[in-house]
Amino acid sequence: MTLVRVPPPIEQDVDLSKTYDAVIVGSGAAGGMAAHVLTTHGLQVLMLEAGKKLPIEQELRSMQWPYDHPRRGDAPPGSHHLSFNEYTIRKPPYAKGAAFKHVYSYVGGWSGSDYVKNILVDEKDHPFTGTNYAWVRARCLGGKTNIWGRLALRLSDYDFKAKSHDGYGEDWPIAYADLEPYYDKVDLYLGISGVKENLPHLPDSQFQRPSKLNAGEVKLRESLKKSGQVLTPYRAGVTTDGLKHNKYRSKCYGRGACDRRPGGCDIHAVFDSPTGLIYPAMDTGHLTVRPNSTAHEMLVDKNTGRARGVAFLDSVTHKSYEAKGKVVILAASTLESARLLLLSRSPQHPNGLGNSSGHVGHNFCEHVMGPGVTGLIKELVGKPHTLDDGRPGGFYIPRFRNLKDRQPGFIRGYGYEGNSGHSMFPAHVMDTPGFGGQFKRSVRDHSGAFISMGAFGEVLPRYESYVDLDPETKDAWGIPVLRFHYHFSDNERKMAEDMVATGREMLEAAGIEVVGTDEKVLTEGWSIHELGTARMGNDPKTSVLNQFQQSHDVRNLFVVDGSSHVSASCQNPTWTIMALAWRSCDHLADEFRKGNV
């Protein structure tokens, strides 16, 4: 059943002799938002995307049953998805010397790897070097928004003014009040579901209809209330009521397909950049999109040092081209944007474009994850089955550490994501002992009685956590690759220990039997929430961008993705990335009209 309109054709005539008002590199959450805002203001915009435009509905096939697929969703022979042990034991580049024809990141190994084989990059073509890192990349129109996990959270002044709170790092050059109206704009334009909780450390959104908690989740929520903690329905970047202003997206029907793939939604109830931002921008007539365009240098005017455009290779033919723009907007994702800045060396910018501070690539941060707990709710064993997987997510427990009282051992905090109830494939079936009829009865009786939750914690930004260019290794297009210099610190390790201990305490206090704990910390990068590398600030000597994500060194260069984040917080960053990009592009459009850029 088709519920959304056919998208506009991407195969446009691209006039590279023309000087566009703005050239955007990247088409994910940040690039899509930049295109939406600037075209709304009437600017003529060219968007360069390194990957191709995929018929994403045909890729995801979320209504296809596993038994309808010849390999039950697995990728074809010759494809391999990296495992935790490979990330831990081996050193990058992980695909070097591999016997497999294609090597992908761990994401496809969750389930249904065949559905993301054209979304994730092939590690053989996209190597990187240095320390261990589980780098997840998606090169296609919309980037990782095609498969993102949907949790849409706001930051607060506990995050923007974290240094003022605990003395570590730097404060952001903005406060929550500066970004609040733009969070509201994102909420109303894209849709978000949830429940208001009135928490100062997790501000509420302009919510649409929330998903319902099930019996196990309500049991845990009521127990947490006694200690002043909150369990709230998953705040999902999903339109549950529909969007009258967007013909390319449908409201969520609770089909139960969200967890059958590594992410994504083929009716686009979940936000993705193409249907949420890019197609509406194309409808204005002001946006031109060129897929298969691998940028490798930001070009500068030899006389002024200002950005004048972008040099790129056709991803298929490897031919060289240039795109000219009055303004250049980097939105290639945190690590790729840092790479492009470092690649863009010139006599005026010998250390890379916009890098007079020496901070490009540094202050890298993300989220630490892996620790979690699983419990068994005994009173639900043997109860009638309920439909619990027709939701875009389960529940979220916001940060509670280091808000008022100081937690021994670490600063900052973490939150839990979790779920409970029945699913299409019964929970913990592989851990259930026995065989035959007794085994089947046990699986059926216990399938809806488990509850699990895993933590996401803030990784502190440090100057010594950085990426630079490898002097020898190049990708399939002959472009130097990134080299990582990054490890978790004692603060993250101490935090991870608390995640497990506190999760156990929460379940036990609710009368839930703890039947499993995950104590291992997953490889750096596993969260996919890379941030920093071109942080914003008021001092050009210690930051790369100002509060509007505008380069201190090059006034017509903006970097509007996660690169600009001063710290990671423990909240998922996608909604903040888009709110910042909207604010910055509103400012850019105003300055453009005044002739100041």
When segment 193-206 is checked residue by residue, the ones that are touching a helix residue (DSSP H, G or I) at 6+ places or on another chain (Cβ under 9 Å), buried (at least 18 other Cβ atoms within 10 Å of the Cβ) and over 17 Å from Arg401 (Cα atoms) are Ser205
Cβ-Cβ below 9 Å, separation at least six or inter-chain, first residue in segment 207-234 and more than 13 Å from Gly393 (Cβ to Cβ) and among the β-branched types (Val, Ile, Thr), second open to solvent by 20 Å² or more (accessible area, probe 1.4 Å) and not in a loop (DSSP other than H, G, I, E, B): which pairs?
Val230/Leu199; Val230/Arg221
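Could you pull out the residue among Val107, Val186 that is in a helix (DSSP H, G or I), open to solvent by less than 10 Å² (accessible area, probe 1.4 Å), more than 27 Å from Tyr466 (Cβ to Cβ) and of a type outside the set (Gly, Ala, Ser)?
Val186
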If you scan segment 539-597, which residues turn out to be more than 24 Å from Pro203 (Cα to Cα), part of a helix (DSSP H, G or I) and among the acidic types (Asp, Glu)?
Asp590, Glu591
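Condition first: touching a residue at least 24 places away in the same chain (Cβ under 8 Å), under 18 Å from Ser156 (Cα atoms) and open to solvent by 10 Å² or more (accessible area, probe 1.4 Å). Can you find one or more residues in segment 549-569 that meet it? Step through it out loud before you land on a result.
From segment 549-569, those touching a residue at least 24 places away in the same chain (Cβ under 8 Å) are 549-569; that's our starting set.
Restricting the remaining residues to those that are under 18 Å from Ser156 (Cα atoms) gives 562, 564-569.
With open to solvent by 10 Å² or more (accessible area, probe 1.4 Å) added as a condition, the list becomes none.
No, segment 549-569 contains no residue that is touching a residue at least 24 places away in the same chain (Cβ under 8 Å), under 18 Å from Ser156 (Cα atoms) and open to solvent by 10 Å² or more (accessible area, probe 1.4 Å).
Quick test for you: out of Thr275, Thr304, Thr288, Thr284, pick the one residue that is open to solvent by 50 Å² or more (accessible area, probe 1.4 Å) and under 19 Å from Met33 (Cβ atoms). Please lay out each step first, then the result.
On the way: Thr275 fails: open to solvent by 50 Å² or more (accessible area, probe 1.4 Å); Thr304 fails: under 19 Å from Met33 (Cβ atoms); Thr288 fails: open to solvent by 50 Å² or more (accessible area, probe 1.4 Å).
Result of the check over Thr275, Thr304, Thr288, Thr284: Thr284.
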Selection count, segment 207-224, where residues are of a type outside the set (A, V, I, L, M), open to solvent by 50 Å² or more (accessible area, probe 1.4 Å) and more than 30 Å from Ala581 (Cβ to Cβ):
4
Being in a loop (DSSP other than H, G, I, E, B) and surrounded by 23 or more Cβ atoms within 10 Å (Cβ to Cβ) is the requirement here; does Gly393 meet it?
yes
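Within segment 293-316, can one find any residue that is free of Cβ contacts under 8 Å to residues at least 60 places away in the same chain, farther than 24 Å from Pro540 by Cβ and not in a strand (DSSP E or B)? Break it down stepwise before answering.
Residues of segment 293-316 that are free of Cβ contacts under 8 Å to residues at least 60 places away in the same chain, as a first pass: 297, 299, 301-304, 308, 311, 314, 316.
After this cut, where a residue has to be farther than 24 Å from Pro540 by Cβ as well, the list is 311, 314, 316.
If we keep only those that are not in a strand (DSSP E or B) too, we end up with 316.
Yes: segment 293-316 contains one or more residues that are free of Cβ contacts under 8 Å to residues at least 60 places away in the same chain, farther than 24 Å from Pro540 by Cβ and not in a strand (DSSP E or B).
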Filtering segment 317-335 for residues that are farther than 23 Å from Ala589 by Cβ and in a strand (DSSP E or B) leaves a count of 3
Every listed condition ((1) more than 30 Å from Ile512 (Cα to Cα); (2) modelled with pLDDT under 95; (3) β-branched (Val, Ile, Thr)) holds for Thr386 save (1)
Segment 339-380, residues that are within 19 Å of Ser420 (Cα to Cα), open to solvent by 50 Å² or more (accessible area, probe 1.4 Å) and assigned to a loop (DSSP other than H, G, I, E, B):
none
For segment 428-454, give me each residue that is within 30 Å of the chain's Cα centre (by Cα) and under 19 Å from Arg504 (Cα atoms).
His428, Phe450, Ile451, Ser452, Met453, Gly454
Can you tell me how many residues within segment 442-477 are in contact (Cβ under 8 Å) with a residue 24 or more places away in the chain and in a strand (DSSP E or B)?
15
Condition check: surrounded by fewer than 16 Cβ atoms within 10 Å (Cβ to Cβ), at pLDDT 95 or above, in a loop (DSSP other than H, G, I, E, B) and acidic (Asp, Glu). Does Asp241 satisfy that?
yes
How many residues, within segment 459-487, are aromatic (Phe, Trp, Tyr) and farther than 30 Å from Asp171 by Cβ?
1
Looking at this structure, is Leu231 crowded, with 22+ Cβ neighbours inside 10 Å, touching a Gly at 6+ places or on another chain (Cβ under 9 Å) and over 24 Å from Trp582 (Cβ atoms)?
yes
Which of (1) in a loop (DSSP other than H, G, I, E, B); (2) open to solvent by less than 40 Å² (accessible area, probe 1.4 Å); (3) under 30 Å from Asn198 (Cβ atoms); (4) in contact with a strand residue (DSSP E or B) (Cβ under 8 Å, 6 or more places away or on another chain) is the odd one out, the single condition Ala427 does not satisfy?
(3)
Given (1) over 16 Å from Leu190 (Cβ atoms); (2) open to solvent by 20 Å² or more (accessible area, probe 1.4 Å); (3) out of contact with any Ser or Thr (no Cβ under 6 Å at 6 or more places or on another chain); (4) part of a loop (DSSP other than H, G, I, E, B), Gly256 misses just (2)
Could you identify the single residue in Lys378, Lys319, Lys326 that is touching a helix residue (DSSP H, G or I) at 6+ places or on another chain (Cβ under 9 Å) and either hydroxyl-bearing (Ser, Thr, Tyr) or at pLDDT 95 or above (or both)?
Lys326
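Out of curiosity, is Thr275 touching a Lys or Arg at 6+ places or on another chain (Cβ under 6 Å) and part of a helix (DSSP H, G or I)? First the steps, then the outcome.
On the way: touching a Lys or Arg at 6+ places or on another chain (Cβ under 6 Å): yes; part of a helix (DSSP H, G or I): yes.
Against the criterion (touching a Lys or Arg at 6+ places or on another chain (Cβ under 6 Å) and part of a helix (DSSP H, G or I)), Thr275 qualifies.
Just to be sure I understand, how many residues within segment 63-93 are more than 22 Å from Arg137 (Cβ to Cβ) and of a type in the set (Ser, Thr, Tyr)?
Here is the first cut: in segment 63-93, the ones more than 22 Å from Arg137 (Cβ to Cβ) are 63-72, 77.
Within this subset, residues satisfying the condition of being of a type in the set (Ser, Thr, Tyr) are 67.
Qualifying residue count for the region: 1.
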When residues of segment 11-42 are filtered for being over 18 Å from Val310 (Cα atoms), touching a strand residue (DSSP E or B) at 6+ places or on another chain (Cβ under 6 Å) and open to solvent by 10 Å² or more (accessible area, probe 1.4 Å), how many remain?
1
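The values are calculated or read from the model by the stated rules, or taken from the named source; none is laboratory data. Remember, it's a predicted structure, so these values are computed and weren't measured experimentally. Positions of Cβ are generated from backbone atoms using ideal geometry, with glycine treated the same way; all protein chains shown enter the neighbour counts. Remember, those area values only see protein heavy atoms, side chains included, never the ligands or the DNA or RNA. Shrake-Rupley method; radii C 1.70, N 1.55, O 1.52, S 1.80 Å.
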